[in-house]
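Inspection log for the structure reproduced underneath, given as structure tokens.
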Amino acid sequence: MDTRTSPARLRLERVRGALQRHGLDAVLVPSSDPHLSEYLPERWQARQWLSGFSGSMGTLVVTRTQAALFADSRYWTQAEGELAGSGIELVKIPTGSSTLHLDWLAREMARGQTLAVDGQVIGLAAAQALRAALTGVGASLRTDLDLIAEAWADRPALPAAPIYEHLAPHAPLARADKLAQLRAAMAAHGATHHLISTLDDIAWLFNLRGGDVSYNPVFLAHALITKDGATLFVADGKIDAPLRARLAADGVALAPYAGAAAALAALPASATLLVDPKRITLGLREQVPAAVHIVEAINPSTLAKSRKSDAEAAHVRAAMEHDGAAMCEFYAGFEQSLARGERLTEIDVAERLAEARARQPDLRGTSFATIAGFNANGALPHYHATPETNAVIAGDGLLLIDSGGQYLGGTTDITRVWPIGSVSAAMKRDYTLVLKGTLALSRTRFPRGTPSPMLDAIARAPLWEQSLDYGHGTGHGVGYFLNVHEGPQSISKTVPEAHMAMEPGMITSIEPGLYRVGQWGVRIENLVLNVPAPSDGCGEFLQFETLTLCPIDTRCIERSLLRDDEVAWLNDYHAEVRRRLARHVSGAALAWLEARTEPLL
């Protein structure tokens, strides 16, 4: 490619032309939309469109003479490749929550200069931090322009997928009951009104699902809740007449998607509005009249949906059995194909796994793009095979597969690593150290209310003992037939906040890893449920129930590195996997299950 005419360089020129027309000096392009989503509809994938970097997280800054992309270690190798020839510098940051771009801007922006950011896609809290950093160096922030719209002539339209109802028995709590609980939380805050923009909160609250965002069964909407009613701002035509009537019966009115800003502007001076500063954009916040009293707190729905009920947990367990059965069918066929000498690639793995899941009841799709990485590709934590990178699975090494499904009764997310041909002693050592981290955290008991980040070091300890580490978090919350990444809990190196307390019913991943760039990667991931643990007079304790049901390959284990109690846990887990899955599979899949769950001696 002639780098002088690469798509990114040409697009950067258009954006710089817009900067010049408006007398601006720089623009910040976040990975965000009007709902502050992690996964974005195509219309708001501006950072990817402009830079060519396809990772799910990253911040781009473009000045009249420079361009910098800020990404954490999960994406460094990927970003270096995708940014090649673009004229965009990769700035390596320690974590996805890093604010290093603020330091960069404070260093590069001069007194009197102005930075633009679209106020409709930047969070209130993020905008406040950005404005403070600029003010400190005498620069200013402008938020009333969408410069990307001027440069992106063929920008995709809004998605138009229909909205449907998540029904009983898979939705055990009725919409009216959820709204009543939310109003009780509003009353506790002294709020008369509450705005919700986060898509999974809205989908959960109204027992609705959609298809506006890839892999996440959500839809574009805002919601304004009052003491005796609710308005759902959603595009016309997405909700049919019967569902519209059922919503009306529960006191839910519909309004155009673009009408949320006007509704906020029309709030009476007597209103008290509850907003979550981390889950509302600056643009919407600025619509609220100055006379309206604002209460800032985490969305009550974010806390409520993170705590799965006993009925929901039962459905998740059933979904895990079906998901595990699909894994058995896939892996049995996969190993048979390899034994026959068939040529299989990473893309073949993703397609075959999707086909196996599609045969299970109540499946509604995959929960994210499958990661199937052989050897060096497995060392890229967020790798996704393309025709250019698609590796043939042949020879010796490790195959990492991270995948998940969306079922009416739950969302799954599992990572396993499988030996291909011969596995070296170094590979076995890495695999076993990661497994020790998974086991250590899976077996942990902790006081109820423990901030989730405090648990992170437990999974890292076996790696830290060998001066090893990984750059991503250890665990993320998981939704209930919703987003595969869900808050507020996060088992990671992030600074703990009060709302990150671990409570009964939360589902979280445990997924330590180890990545040898250019060689191989290891990650072993299960989903776990917070359940009560025995207590001895020191208050309430919780422990993890492992939900994921799939063998952990023992052929990659260096037995001398495992203690007997660790082996006992693994053998008990495999006995449970066999017991729960055997009735769902037969033939080659059953034989594979039995072979892979044999006790480790």
Checklist entry - Any idea which residue in the stretch 414-434 is most open to solvent (accessible area, probe 1.4 Å), counting only those that are assigned to a helix (DSSP H, G or I) and in contact with a helix residue (DSSP H, G or I) (Cβ under 8 Å, 6 or more places away or on another chain)? => result 429
Next on the checklist: If residue 388 meets every condition in (1) modelled with pLDDT under 95; (2) crowded, with 23+ Cβ neighbours inside 10 Å; (3) not hydrophobic (A, V, I, L, M, F, W, C) apart from one, which number is that one?
Outcome noted: (2)
Next on the checklist: Of all residues being more than 12 Å from the chain's Cα centre (by Cα) and of a type in the set (Ser, Thr, Tyr) in the stretch 480-501, which is nearest to residue 310 (Cα to Cα)? Just the residue, please.
Outcome noted: 480
Checklist outcome for this item: In the set 298, 294, 280, the lone residue that is over 24 Å from the mean Cα position of the chain (by Cα) and closer than 30 Å to residue 499 by Cβ is 294
Next on the checklist: open to solvent by 50 Å² or more (accessible area, probe 1.4 Å), within 26 Å of the chain's Cα centre (by Cα) and of a type in the set (S, T, N, Q): is that true of residue 120 in this structure?
Outcome noted: yes
Checklist outcome for this item: Looking across the stretch 466-498 at residues that are in contact (Cβ under 8 Å) with a residue 24 or more places away in the chain and among the polar types (S, T, N, Q), the single one that is surrounded by the fewest Cβ atoms within 10 Å (Cβ to Cβ) is 466
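So which residues in the stretch 79-134 are polar (S, T, N, Q), under 23 Å from residue 473 (Cα atoms) and touching a residue at least 60 places away in the same chain (Cβ under 8 Å), if there are any at all?
Across the stretch 79-134, the qualifying residues are 95, 97.
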Checklist entry - Looking only at the stretch 542-564, which residues are of a type outside the set (A, V, I, L, M, F, W, C), over 15 Å from residue 332 (Cα atoms) and either part of a strand (DSSP E or B) or open to solvent by less than 60 Å² (accessible area, probe 1.4 Å) (or both)? => result 543, 545, 546, 548, 554
Checklist outcome for this item: The residue that is least open to solvent (accessible area, probe 1.4 Å), considering only those in the stretch 37-90 that are part of a loop (DSSP other than H, G, I, E, B), closer than 27 Å to residue 110 by Cα and hydroxyl-bearing (Ser, Thr, Tyr), is 86
Checklist entry - How many of the residues making up the stretch 349-369 are free of Cβ contacts under 8 Å to residues at least 12 places away in the same chain and either in a loop (DSSP other than H, G, I, E, B) or farther than 20 Å from residue 410 by Cα (or both)? => result 1
Checklist entry - Within the stretch 123-142, which residues are within 15 Å of residue 61 (Cα to Cα), assigned to a helix (DSSP H, G or I) and open to solvent by less than 50 Å² (accessible area, probe 1.4 Å)? => result 127, 130, 133, 134
Checklist entry - Out of (1) within 25 Å of residue 600 (Cβ to Cβ); (2) open to solvent by less than 30 Å² (accessible area, probe 1.4 Å), the odd one out for residue 501 is which? => result (1)
Item to check | Some residue of the stretch 267-278 being on the phi > 0 side of the Ramachandran plot, assigned to a loop (DSSP other than H, G, I, E, B) and not hydrophobic (A, V, I, L, M, F, W, C) | outcome: no
Checklist entry - For the stretch 370-385, what are the residues that are surrounded by fewer than 21 Cβ atoms within 10 Å (Cβ to Cβ) and either modelled with pLDDT under 95 or part of a strand (DSSP E or B) (or both)? => result 382, 384
Checklist entry - Quick one: would you say residue 579 is more than 22 Å from residue 317 (Cα to Cα) and surrounded by fewer than 16 Cβ atoms within 10 Å (Cβ to Cβ)? => result no
Checklist outcome for this item: Result of the Cβ filter at 9 Å on the stretch 572-596, keeping first residues that are farther than 13 Å from residue 549 by Cα and in contact (Cβ under 8 Å) with a residue 60 or more places away in the chain and partners that are hydroxyl-bearing (Ser, Thr, Tyr) and open to solvent by 60 Å² or more (accessible area, probe 1.4 Å), at least 6 apart or interchain, is none
Item to check | Subset of the stretch 506-529 [open to solvent by less than 10 Å² (accessible area, probe 1.4 Å) and assigned to a loop (DSSP other than H, G, I, E, B)] | outcome: 506, 512, 524
Checklist entry - Among the residues of the stretch 207-231, which ones are surrounded by 24 or more Cβ atoms within 10 Å (Cβ to Cβ) and of a type in the set (Phe, Trp, Tyr)? => result 219
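The values are calculated or read from the model by the stated rules, or taken from the named source; none is laboratory data. Since we're looking at a predicted model, the values are computed, not measured. Positions of Cβ are backbone-derived with ideal geometry, glycine not excepted, and every protein chain shown enters the neighbour counts. Surface accessibility is based on the protein's heavy atoms, side chains included, excluding ligands, DNA and RNA. Shrake-Rupley method; radii C 1.70, N 1.55, O 1.52, S 1.80 Å.
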